[in-house]
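Engineer: I'd like to ask some things about the structure below.
The values are calculated or read from the model by the stated rules, or taken from the named source; none is laboratory data. What you see is a predicted model, and the numbers here were worked out from it, not measured in a lab. No Cβ is skipped: glycine too gets one built from the backbone with ideal geometry, and neighbour counts run over all protein chains shown.
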Ligand code: P6P
């Protein structure tokens, strides 16, 4: 359903079924993706649309998710960070994935994850078209965070693909304690650098930056704080992709009672000119994001 009219109850029920099926596919694929990581820690030959060199593991995860999500009757389009074009899979909801966010963490055995965004509109879709978002983390355990129907839920995923909710109605802690800021310090703009110094001077705040956005965002969701991959002097648009990273983490953190921003507005309001457009990403507790936007506005 991609029309402007209010969805019928049948369309809504159908979308709800499809969203549940999409989340189920991603959860049940997670152990297979995880099991396929060890033998795929080598770089692929082709660059992705963002000009980055993916690992064989990125391609492996993308091909699995494209086939399984594309097979769902209610999924009409599939797109991924690893593919230039949108894949037409019929009619229904549009699914975007970052198959392995932070795959460069594979070699040092650090956390990485799969990011999912579901839109009720043709791609490239707007943030307002998002109807669900989720991420899987391949960490010490395999977990999945979902944001759907105005609530955030955390699941533990077992090796056999079975998964159970371990935290329901997840909200950001009110006393933030972690921060993680990406990019090279010399490339930060001065107002951001000054903001970072202010955050660092707070004795209750600790640095937690692991190099995988989704792992770092999960620290913020768990402990409260702020994650940023900011605008950079040489790259004002930052590094992270709107459709595959900015919108889903913005949706998840705002559903959990936090805030998201591109430095001026909610990530969900960011307009983009293409499927692989980038945006600065700032997500976390409301007060920290408000202070950041004020600092960047000076
Ligand atoms: P840097 C991973 O490649 C990624 O896209 C995000 O997951 C992560 O936040 C960022 O890049 C890390 O970038 O410049 O610190 O290597």
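Engineer: Can you tell me which condition residue 243 does not meet? The list is (1) in contact with a helix residue (DSSP H, G or I) (Cβ under 8 Å, 6 or more places away or on another chain); (2) modelled with pLDDT of 95 or more, and all the others hold.
Structural biologist: With (1) in contact with a helix residue (DSSP H, G or I) (Cβ under 8 Å, 6 or more places away or on another chain); (2) modelled with pLDDT of 95 or more applied to residue 243, the lone miss is (1).
Engineer: Looking only at segment 209-226, filter to residues that are within 13 Å of the ligand (Cβ to nearest atom) and either free of Cβ contacts under 8 Å to residues at least 40 places away in the same chain or at positive phi (or both); which one of those is surrounded by the most Cβ atoms within 10 Å (Cβ to Cβ)?
Structural biologist: At the first step, the residues of segment 209-226 found to be within 13 Å of the ligand (Cβ to nearest atom) are 209-220.
Okay, now just the ones that are also either free of Cβ contacts under 8 Å to residues at least 40 places away in the same chain or at positive phi (or both), so 209, 211, 216.
Values: 209: 15, 211: 15, 216: 27.
Only one residue tops the list, namely 216.
Engineer: If you don't mind, another one. If I filter segment 256-275 for residues that are assigned by TED's automatic domain parsing to the domain that holds residue 196, over 30 Å from residue 77 (Cβ atoms) and at pLDDT 95 or above, do I get at least one hit? Before you say what the answer is, go through the steps one by one.
Structural biologist: Initial filter on segment 256-275 (assigned by TED's automatic domain parsing to the domain that holds residue 196): 256-275.
So of that shortlist, the ones also over 30 Å from residue 77 (Cβ atoms) come out as 257.
Among the residues that remain, those that are also at pLDDT 95 or above are: 257.
Within segment 256-275, one or more residues are assigned by TED's automatic domain parsing to the domain that holds residue 196, over 30 Å from residue 77 (Cβ atoms) and at pLDDT 95 or above.
Engineer: Within segment 256-277, can one find any residue that is assigned to a helix (DSSP H, G or I), away from the ligand (no atom under 16 Å from the Cβ), more than 13 Å from the chain's Cα centre (by Cα) and over 23 Å from residue 113 (Cβ atoms)? I'd like the intermediate steps shown before the answer.
Structural biologist: The initial filter retains those residues of segment 256-277 that are assigned to a helix (DSSP H, G or I), namely 267-269.
Next, from what is left, pick out any that are away from the ligand (no atom under 16 Å from the Cβ): 268-269.
Next cut, more than 13 Å from the chain's Cα centre (by Cα) only: 269.
Subsequent filtering for residues that are over 23 Å from residue 113 (Cβ atoms) retains 269.
Yes, segment 256-277 has at least one match.
Engineer: How many residues are within 16 Å of the ligand (Cβ to nearest atom) and crowded, with 23+ Cβ neighbours inside 10 Å if we restrict to segment 104-129? Reasoning before the result, please.
Structural biologist: Just the residues of segment 104-129 that are within 16 Å of the ligand (Cβ to nearest atom), to begin with: 104-117.
Remaining after also requiring crowded, with 23+ Cβ neighbours inside 10 Å: 112-117.
Result for segment 104-129: 6.
Engineer: So which residues in segment 69-103 are part of a strand (DSSP E or B) and either over 15 Å from the mean Cα position of the chain (by Cα) or more than 16 Å from the ligand (Cβ to nearest atom) (or both), if there are any at all?
Structural biologist: Scanning segment 69-103 gives 75, 76, 77, 78, 79, 87, 88, 93, 94, 95.
Engineer: Looking at (1) touching a strand residue (DSSP E or B) at 6+ places or on another chain (Cβ under 7 Å); (2) surrounded by fewer than 24 Cβ atoms within 10 Å (Cβ to Cβ), which is the one condition that is false for residue 98?
Structural biologist: Condition not satisfied by residue 98: (2).
Engineer: Take the residues in segment 104-122 that are in a loop (DSSP other than H, G, I, E, B) and touching a helix residue (DSSP H, G or I) at 6+ places or on another chain (Cβ under 7 Å), then tell me which one is nearest to residue 214 (Cα to Cα). Talk me through it step by step, then tell me what you get.
Structural biologist: At the first step, the residues of segment 104-122 found to be in a loop (DSSP other than H, G, I, E, B) are 106-111, 120-122.
Now drop any that are not touching a helix residue (DSSP H, G or I) at 6+ places or on another chain (Cβ under 7 Å), which leaves 106, 111, 120-121.
Details: 106: 14, 111: 9, 120: 23, 121: 24 Å.
Checking each candidate, the answer is 111.
Engineer: Keeping to segment 184-208, report how many residues are near the ligand (Cβ under 8 Å from one of its atoms) and in contact with a helix residue (DSSP H, G or I) (Cβ under 6 Å, 6 or more places away or on another chain).
Structural biologist: Applying the first criterion (near the ligand (Cβ under 8 Å from one of its atoms)) to segment 184-208 yields 184.
From what's left, in contact with a helix residue (DSSP H, G or I) (Cβ under 6 Å, 6 or more places away or on another chain): none.
The total comes to 0.
Engineer: Which number in (1) modelled with pLDDT under 95; (2) within 16 Å of the ligand (Cβ to nearest atom) marks the one condition that residue 39 misses?
Structural biologist: Condition not satisfied by residue 39: (2).
Engineer: Just the residues that are buried (at least 21 other Cβ atoms within 10 Å of the Cβ), in contact with a helix residue (DSSP H, G or I) (Cβ under 8 Å, 6 or more places away or on another chain) and farther than 20 Å from residue 110 by Cα, please, taken from segment 227-240.
Structural biologist: Within segment 227-240, 230, 231 qualify.
Engineer: Restricting to segment 182-236, give me the number of residues that are closer than 15 Å to residue 285 by Cβ and in a strand (DSSP E or B).
Structural biologist: The total comes to 5.
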